[in-house]
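Engineer: Below is one structure. I have some questions about it.
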Amino acid sequence: MMGAAALDLSPGAGVVLDEVEWLVERQEPHLGRVQLVRRDGERQQVSFRFLVNHPQCRPSSRTAADGANRGRQPASWSDVKPEKRPLMEQRFAHLMEVNCGFRSGDPFRPEPGEPRPEYDPDRTTLGERRAAKVAELAVLRPEEAKLLLGVATVGVRTLERWEKRRRKYGIVGCADHRWLRASGGHPSVSEEVREAIFAVRAETQQYRSRVSARTREVMIRRYVRETFEKEDGKGEKPQGKKIAVPSYHTLLRVWKEWFGPGGARPKYERSAELPTKNGHVLVTRPGQVVALDTTILPVMVRENVFGDPVTVHLTLALDVYTHSICAFRLTLVSDSSVDVAMVLRDVMLPLPMREEWGEDMEWPYPGLPAAMVSEFAGYEVAGLPFFTPETVTSDHGSVYRNHHLVDVQEAMGCRILPARVLRPQDKAAVERVFGGIRSLVFEKLPGYTGVDVADRGADPEGDAVLTMAQMEHFIATWVVKAWQNRRLGEFAPCWDPGGNHSPNTLFAASFAQEGFDLDIPSPETYYRFLPEHHVKRIYRRGVKVKGLWYDAELLHTPDRNSTRGGRYKKQWVIHREPRDRRVVYFRDPYTHEWHELRWTGLPPKGEMPAFGDARVEELLTRVREAGLKPRSDADLVPILLEMLGAVDPVENWPSQLTKSQRVQHAREITQAKAAAADRPKQLAKLDEPPRLSAVGAADAEPPWRERAREATESLDAHRRRRREAATSSRQPSEPAPLGSSRRGRNLFVIADDDDGPGDPAPQPTEET
């Protein structure tokens, strides 16, 4: 059900509806409704569809953030320290063997000898398997058990407690609560030691070269001894006792918590180990394996800003079992980890129907009526499968093997299975799909570039007629209407190799075999898929993310301190949208609601064009090269707006820019539109209403001219606010003497001949 991760409708759960708190009294799943009761005894019946699509419905903080989690942001897999992760994984493996007989949790990837007789689910009960696991672990010595699992002994109650937490929190529930407990500070750091730490910090940052942590420890101990333990002439110490200085490891931990890692680039960690396969992996259901890959679109298209012919990248998500193209994206110049993350999000979301699509492209699968899917989704759904992938496989490109995408896949709950090096058969399905689309569609379109340079036409750039928006709409229509109904041929399923099957028929057949899990993610999944930034503390200016400061009134609540534990102890988590740097997103630890933090240099809404990470890096580089030290982010606004095109005349702007500069501006506008489309509509605040009523209208203003006009207006508004702020601080001046305006005007200026019909006639003057 949609919003399952954000809206709990179990009996006893709290729901806030139009700022009024209700409790769920009972569920009626067969009727699709729930019974709500208020504290004063009033009751009402509402449907699941009403609650899921209501804009003012959210879970109550009394039940969603109660107990130990109240006031703390939820823990994730990345919070567990690296040395504790093997213990957590061992606990998870033992629980999986108790539940299903396989330590990996996947019956299709068994280890040698699995399932063992005492853990075979077809021959034993759950209680017998738990007793067998307790007997197996009891053979280990306490030292061995503590080294492998983190505890000396394991009983039935321990297994039940681990299983309960695993069902609620996932694999992180197998971690010991002491590994993620709330931070309690550092009592061993006294006021004298604190003063010594800040003194050494100032000394090493301003006057000395970079030194190691051991050298900083020696300097702290010297400062304490020479400042607070210095003996007088009688051999006595002024304070009467020796001051205890914490150990090296405590000082190192305090230094990192207070000042960060010191600018050192953290060592890159492998996001996933290459698995060792024994034999052939048989894919038997949709969503079991989803293959991701990116290629250059072999058709030249025109970008939507200047209309120049450009090369775009096509990213596909292919379901290996049904060969369904579950999602795709077109990105200008190059894709990023955010684009790939949004592709994975599109795999989990049903595809909305478009205006031009007919009834033959609606949800066609039997066993799940289209009305039910539309009720949970909130809109009419097209005939394209959607599901939560279990395993994601890709190549070893940097866009797929970075920390952000690994965190996204862990948040989805899927496994990461990168293709083996020099093993093309691991991604043969998606590579074959690229070749099939090339021969079926792309070769027939104008602007086709061929397989390589030798096969390229004389002028593919001049033949390009389709824009990026038109190409995206064309591919989406072809996928739903043609590809999903195309005969697979040699890719038929193993249980019917000679049959006549298509992606749609295979997906429909899976309903009868294993059913379908109607799980639609909530709109807040968008924020969870954005890159995370861990901030040490909240300053008076707000928080600093990637060189820019962001602030909101929410951050300055009294006594607001982070109580996260684990690897990022006492740090706040901020989510950044690389395609639109005007805002970042913060999740309130008390209500678990998402809030926008605006850039402190951002003018009022509707006056600042969107800009991304590339523009911010260019801005900060230009400021550093010029030797500027702005006092606030508001001083960066004129420089940013000049870079966005405000210094060039609007009429001559396209001719003044090179092709690479035009592509860069077009990429920023395209990424901003993609970010606005991915952002939840009921929570989006920066999106402006469209200026045009129809695409391609005769009086439509070109996007590049609109962007230049917005930048010019933003610069004028910024200067006007600066002048108003400067003049408002001055003292009110005395009134001017009579006749000063006449004496200050030149009396010999000849008026213009071309006066408007409404202009007053010039007054005659006396001749001198």
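Engineer: Kindly give the semi-axes, whole Å and largest first, of the ellipsoid equivalent to the range 277-406, taking each as the square root of 5 times a Cα gyration tensor eigenvalue. Don't skip to the end; give the middle numbers.
Structural biologist: Numbers: eigenvalues 138, 112, 32 Å².
Value: 26, 24, 13 Å, ordered largest first.
Engineer: Taking amide H positions as placed in the peptide plane 1.01 Å from N, state which residues far from residue 17 in sequence (5 or more) or on other chains have amide H under 5 Å from it.
Structural biologist: Amide H to amide H, under 5 Å and 5 or more residues apart or across chains, residue 17 pairs with 22.
Engineer: Right, here's the next one. Where only protein heavy atoms count, and the probe is 1.4 Å, what is the accessible area per residue for the range 314-386 in Å²?
Structural biologist: Roughly 33 Å² per residue, with all protein chains present.
Engineer: Which Rg and Dmax, in Å, describe the Cα atoms of the range 456-596?
Structural biologist: Using the Cα atoms of the range 456-596, the pair Rg, Dmax is 24.7, 70 Å.
Engineer: Roll a 1.4 Å probe over the protein chains and send me the accessible area per residue for the range 423-489 in Å². Mind showing how you got there, number by number?
Structural biologist: Working: 3590 Å² over 67 residues.
Accessible area per residue: 54 Å².
Engineer: What ranking, highest mean first, results for peptides 100-110, 358-368 when packing means the other Cβ atoms within 10 Å averaged over each residue? Could you put the intermediate results ahead of the total?
Structural biologist: Numbers: 100-110: 16.9, 358-368: 13.6.
With the highest mean Cβ count within 10 Å placed first, the list reads 100-110, 358-368.
Engineer: Additional query: Given all pairs of different Cα atoms, what value in angstroms does the Kirkwood hydrodynamic radius of the range 532-621 take? Let's see the in-between values first.
Structural biologist: On the way: mean 1/r = 0.0718 Å⁻¹.
One over the average 1/r among Cα pairs gives 13.9 Å for the range 532-621.
Engineer: Still on this model: For the range 421-558, which whole percent of the accessible surface, found with a 1.4 angstrom probe, sits on carbon and sulfur atoms? Mind dumping the intermediate values first?
Structural biologist: Numbers: 3840 of 7350 Å².
Carbon with sulfur: 52 percent of the solvent-accessible area.
Engineer: Of 497, 522, 484, which is farthest along the charge dipole of the range 476-528 in the positive direction, counting Lys and Arg as +1 and Asp and Glu as -1 at C-beta?
Structural biologist: Toward the positive end, the furthest listed residue is 484.
Engineer: Still on this structure, I have one more. Given H placed 1.01 Å from N in the peptide plane, which residues other than close sequence neighbours of residue 448 have an amide H under 5 Å from its amide H?
Structural biologist: 300
Engineer: Here is a follow-up. Using amide H atoms built in the peptide plane, which far-off residues or other-chain residues are under 5 Å from residue 329 H to H?
Structural biologist: Under 5 Å from the amide H of residue 329 lie the amide H atoms of 315, each far enough along the sequence or on another chain.
Engineer: Something else about it: For a quick protection proxy, order the peptides 217-228, 391-402, 292-303 by their average other-Cβ count within 10 Å, most packed first.
Structural biologist: Values: 217-228: 16.6, 391-402: 18.5, 292-303: 21.2.
In decreasing order of mean packing, 217-228, 391-402, 292-303 become 292-303, 391-402, 217-228.
The values are calculated or read from the model by the stated rules, or taken from the named source; none is laboratory data. Not measured: the values here are computed from a predicted model. Every residue, glycine as well, gets a Cβ built from its backbone with ideal geometry; the counts of neighbours run over all protein chains shown. Only protein heavy atoms, including side chains, enter the accessible area calculation; ligands, DNA and RNA are left aside. Shrake-Rupley method; radii C 1.70, N 1.55, O 1.52, S 1.80 Å.
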